[in-house]
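> After the structure tokens below, expect a handful of questions from me.
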Amino acid sequence: MTLHLAPVSATGRALHAIADAHPRLSADTLRPYIGIFGVLLGSIIATLGGRVTSFGLADLRGGLQTGFDEGAWITTAFGIGQMVAGVASPYLGAIFGVRRVLLLGILAMFIASFLGPLSPNLNAFMAMQVLGGIGSGTFIPLTISFIIRSLPARLVVYGIAFYAMNSELSQNIAASLEGWYSDHWSWQWIDWQYCAMLPLMFGCVWFGVPREQINTSLMRDLDWAGLAYAMIGFGLLFAGLDQGNRLGWSNNGLVIGLLLSGTLITGAFVFRELTTPRPFLNLARLLRGNLLLLLLLLAGFRFIILSTAYIIPTYLQNVQNFRELQVGSVLLWIALPQLILAVPLAELLRRTDGRWVLALGSALIGIACWMATDLTSQWATGDFLPSQILQAIGQSFALTALLALVVRTINLADALAIGCLLQISRLFGGEVGTAFMQTFVRVREQIHSNLVGLHVDGSGFTIDRLTAYRGIVGTHTADLADAAARAAKLLATTVAQQASVLSFIDGFMAAAGGAFLCLLLVALMHRPPPSQF
């Protein structure tokens, strides 16, 4: 039995027997279009939830009157909630139905978004962050399930294209939204914005997503121990990765404890899945076909996307002193091509082998990252546009083709479990990308600062530069000693700026290398099986 016919998960096995009974909507009615709008709105909210909070962390700390170290756990709490919900979603969706779980998730996030800014202290706000993460964590896995199992067959590829577009669109409009709220309204709207979107999503899901029967009999056969291991292990690993760069990877007991315990519990999860007769995920079967490569590719693309999404805002803020609203203008250009390409890409994927589209997207991402290595300290928003527009096109091609290939590789009954795997790969890939790039850029900046500093000596070039600086600052003070001190400080700032720019160039080179590795993974894939999509 081939991979795309054999279920690879406990939920897939449970739903396979009743797959024919699941209602597939008709393209001639309004329900599928309203349903897909609702679940796609959910994917936007789920991505915005972490991204806007990251950009607005300083405003949140100020509003909550908390310090840097305590406030750094705000985004971690939200991410842990999303990870836990992403693991549990296949079980909950199989037992209670996608519609019920989505509606409950919407309600949980609405409560968290409304009450969060009203929290009397940081602990209460963090509790709301966890609840919001759990609520929004159901959106992405169950969106994929709705697209695959419920949409009319000829609309599935379009649903996939819009899903891929929405995920990246929301990521790149986050800086502009946070900057606008800070300038015109208040920090509370970082959370309250969802209170305007979630009721619309609730209505769309209520009307457009088919109602399913509750299957409580599945609770006896599902791998509850495997579920517990996965939720705890993945949550601990996520927390360790998110805090590792801030606290130190090897010299902080908390980070070491989180990563070590997360690894051990995840190892227990893997061992159980390989040995239990009814595993949550049949890992042995996952190793066949293209599915494992596709999940690795998704993690790789998230690594690259989050890496460049870290470098550009950090450069503009640290080197050019831009604010979030100014940073957002370059990221908006990344979102624009994805709006335009969704429908043409869906048409292309209906007529061609998705591996070629995936390879083209990987190559474009690599070329775009390599173009950005021309970075200098004079670059501003407009200088990033050529490379970032090219990267946006590449991301649209790569992510849409990847999701289409996933759908064509699996049994339809496995849609819930595959949504879970996509969520886990997405979260871990993004978190590893951000953690790696933060650490990589910091270490490379220290190296470049040392190397550049070695050339700041008593040579004629250094003396000429100091003399020029003294001439500039001397017009504002008559104290020669003060002028010399200010000149030395200006020189040190210039050295630090150049070291920072060089470290960002190294970061873009690392991202280009990641794109090349993704291209090699595409080359290892074999032709996907025939599919009705």
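The values are calculated or read from the model by the stated rules, or taken from the named source; none is laboratory data. All of these numbers come straight from a predicted model, not from anything done at the bench. Cβ coordinates were reconstructed from backbone atoms using ideal geometry, including for glycine residues, and neighbour counts include every protein chain displayed.
> Does segment 194-214 hold any residues that are closer than 30 Å to THR276 by Cα and either part of a helix (DSSP H, G or I) or not assigned by TED's automatic domain parsing to the domain that holds ALA112 (or both), and which are they?
none
> Show the residue pairs meeting these rules: Cβ distance below 7 Å; 6+ apart or different chains; first residue within segment 497-525 and of a type in the set (D, E, K, R); second residue crowded, with 19+ Cβ neighbours inside 10 Å and assigned to a helix (DSSP H, G or I).
If the second residue must be crowded, with 19+ Cβ neighbours inside 10 Å and assigned to a helix (DSSP H, G or I), the pairs left are ASP506/ARG444.
> Within the set of pairs 6 or more residues apart or between chains, which connect a residue that is outside any loop (DSSP other than H, G, I, E, B) inside segment 57-69 to a residue that is surrounded by fewer than 13 Cβ atoms within 10 Å (Cβ to Cβ) and of a type outside the set (Lys, Arg) with Cβ atoms less than 8 Å apart?
Final answer for the pair search is ARG61/GLY67; ARG61/PHE68; GLY63/SER186; LEU64/ASN121.
> Then there's this: Counting only residues that are in contact with a helix residue (DSSP H, G or I) (Cβ under 7 Å, 6 or more places away or on another chain) and under 29 Å from TRP189 (Cβ atoms), how many does segment 85-106 have?
8
> Hey, another quick one. Within the group ILE106, ILE160, ILE111, ILE140, which residue is of a type in the set (Val, Ile, Thr) and surrounded by fewer than 24 Cβ atoms within 10 Å (Cβ to Cβ)?
Matching residue, one of ILE106, ILE160, ILE111, ILE140: ILE111.
> Suppose we filter ALA335, ALA368, ALA299, ALA372 for residues that are under 22 Å from GLN423 (Cβ atoms), at pLDDT 80 or above, surrounded by 17 or more Cβ atoms within 10 Å (Cβ to Cβ) and in the same structural domain as ARG527 (by TED's automatic domain parsing); which single one remains?
On inspection, the qualifying residue turns out to be ALA299.
> Any idea which residue in segment 241-270 is modelled with the highest pLDDT, counting only those that are surrounded by 18 or more Cβ atoms within 10 Å (Cβ to Cβ) and of a type in the set (A, V, I, L, M, F, W, C)?
Ranking the qualifying residues of segment 241-270, first place goes to ILE265.
> Condition first: of a type in the set (Ser, Thr, Tyr) and outside any helix (DSSP H, G or I). Can you find one or more residues in segment 270-277 that meet it?
Yes, the conditions are met somewhere in segment 270-277.
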